[in-house]
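For reference, the structure discussed in these notes is given below.
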Amino acid sequence: MAVTIVNGLSWGDEGKGKIVDLEAKSADVVIRFSGGNNAGHSIKNEYGEFALHLVPAGIFNPDAINIIERGVVIHLPSLMGEMQELLRNPDVSFQKFKISPFAHLVMPWHIAEDQGYEKEAAQNIAGRATEAIGTTLKGIGPCYKDKAGRWEAFRVCDLVSKKAFLARLEKVYASKAKWLRARFQVELPSFDAVRTQFLGAREYVLPYIADTSHIIQEALAADKSILLEGAQGTLLDPDHGTYPNVTSSPTTALGALMITGIPSSAVRRVIGVTKAYVTRVGAGAFPTELSHELDEKLRNIGKEFGATTGRPRRCGWLDLPLLQYAVAINGTTEIALTKMDVLGQLPKVQLGTSYENGVSGAPDMTRLSEMKPAYEEFAGWGNLAGARTRADLPDEARRYLERITAICSIGHVSIGAGRTETLTM
Ligand code: IMP
């Protein structure tokens, strides 16, 4: 059985979209398993340039079945918009696109709640319960909260019976509107507007609802090639990441298996994606974060602005102790290293090799914010355009890669946004 998992090894935005796009060319089934439209997977291929948020990046392979699995939370207007945009390209087809009936729906009140908590936390309101997380404000946390709570959640399968859906929509709307008004003094859009929006979206997505579990098990039995596409990154995982500055759904390789019902014995490759440096959006510990001036420089060279929110990403040096931790958590079998070309444009490059607090190997995650990294320095390796193999790389770039290889072998090195600008090691 040939199951490949692609997931992020840091705080998201590692360049997973490009690696999934490459791997999806030979996949029979591509599955997006978690997160929602907080994710933004940037892809540049022969069809053009795209930022996908919910649609699996395998959509550019016309032969592949593309699935949104049950661990994803779907904001229907965003999904519709994304599909319509993709369909402007005559080569893209949704004929083999499937949505799990058990995926949950992001409702208007989830977005209002996310915004309410974040706004309250950001303002210095006396008695505020928490610091701001710096979420994408897409309603992700509140949607997963309702999923765990069960009482007021909506799933894709709830759309099937129009009558039952509308009756429940009205009841939950009333309860949520009352709570939001009392808690954050905010008003939801009118019930008529919400109703109209859902009725339109319902018609649009109904044809794609399918028993995805059955499709996956059949594909496994027929020894098809299955690709699991992660969203966000290991350090944003609610259990293994830098809680509370994390997202709300699993981001790890084992999380992918738990959600899809694929047994671990079926997995052949676990590709962990990391940039040659590290970025983070939102608040939270970041031991190798750059000083202000360098941070701005790398952000501008690497165009490090969120694909979903446009927010500037915080930039830092690659952190080997954290990378080692993520590789261990995921059982990563190979690393895909992206943006090696961007990092090499700095005159000097640093690599976090251990922590000065006496910590070597994987870090103590309970004390991450206290960690002071120790660095090894490299001369910038400059332009990598035209390199086709490892042998074409400058010595200093090869030395940098060797330090990473000590943790896990490297499968791909990306030296540009396009499909062809990738070295297979
Ligand atoms: P949420 O997922 O919108 O609740 O945001 C929680 C945290 O995860 C915030 O720090 C976000 O910036 C971060 N986050 C969520 N999705 C992504 C992503 O796709 N890339 C990078 N960071 C993300």
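The values are calculated or read from the model by the stated rules, or taken from the named source; none is laboratory data. Keep in mind the model is a prediction, meaning the values are calculated, not measured. Neighbour counts are summed over all protein chains in view; Cβ atoms, including those assigned to glycine, are modelled from backbone coordinates with ideal geometry. All accessible areas refer to the heavy atoms of the entire protein, side chains included, with ligands and DNA or RNA removed. Shrake-Rupley method; radii C 1.70, N 1.55, O 1.52, S 1.80 Å.
Determine how many Å³ per residue the convex hull of the Cα atoms of segment 228-379 encloses.
Values: hull volume 18.1 nm³, N = 152.
Measuring per residue, one finds 119 Å³ for the Cα hull of segment 228-379.
Extent of segment 111-263 along each principal axis, from alpha carbon coordinates, in Å, largest to smallest?
Principal-axis extents of the Cα atoms in segment 111-263, largest first: 58, 42, 22 Å.
With only alpha-carbon atoms in the gyration tensor, what are the semi-axes of the equivalent ellipsoid for segment 297-413, in Å, largest first? Walk me through the numbers before you get to the answer.
Details: eigenvalues 109, 70, 46 Å².
Semi-axes (√(5λ), whole Å): 23, 19, 15.
Just for the Cα atoms in the chain, what are the lengths along the principal axes, largest first, rounded to whole Å?
So the three principal-axis extents are 66, 58, 38 Å.
Can you send over the carbon and sulfur percentage of the accessible area for segment 274-424, probe radius 1.4 Å, protein chains only? Provide the component values of the computation, followed by the final result.
On the way: 3090 of 6290 Å².
Using a 1.4 Å probe with all protein chains present, segment 274-424 comes out at 49 percent carbon and sulfur.
Taking R0 as 41 Å, what's the FRET efficiency between residue 145 and residue 409 from their Cβ-Cβ distance, rounded to 0.05? The partial results should precede the final answer.
Working: r = 39 Å, r/R0 = 0.95.
E between residue 145 and residue 409, to the nearest 0.05, is 0.55.
In square angstrom, what is the accessible area per residue of the chain with a 1.4 angstrom probe? Present the calculation step by step, with values, prior to reporting the outcome.
Values: 17720 Å² over 425 residues.
Per residue, the chain has 42 Å² of solvent-accessible surface.
Could you give the nm distance between label points at residue 192 and residue 389, where each point is 7 Å from its Cα heading toward the beta carbon?
7.0 nm
Could I get the Rg over Rh figure for segment 185-238? Both from C-alpha atoms, Rh via Kirkwood, rounded to two places.
Details: Rg = 18.7 Å, Rh = 15.6 Å.
Radius of gyration over Kirkwood radius for segment 185-238 works out to 1.20.
Note the full-extension length gain between residue 379 and residue 265 as 0.36 nm times their separation in residues minus their Cα-Cα distance, in nm to one decimal.
Details: separation 114, 0.36 × 114 = 41.04 nm, distance 4.26 nm.
That works out to 36.8 nm of additional length.
Rank by packing, highest mean first: peptides 31-41, 227-237, with packing defined as the count of other Cβ atoms within 10 Å averaged across residues. Could the numbers behind the result be given before it?
Numbers: 31-41: 27.5, 227-237: 29.1.
In descending order of packing, they fall as 227-237, 31-41.
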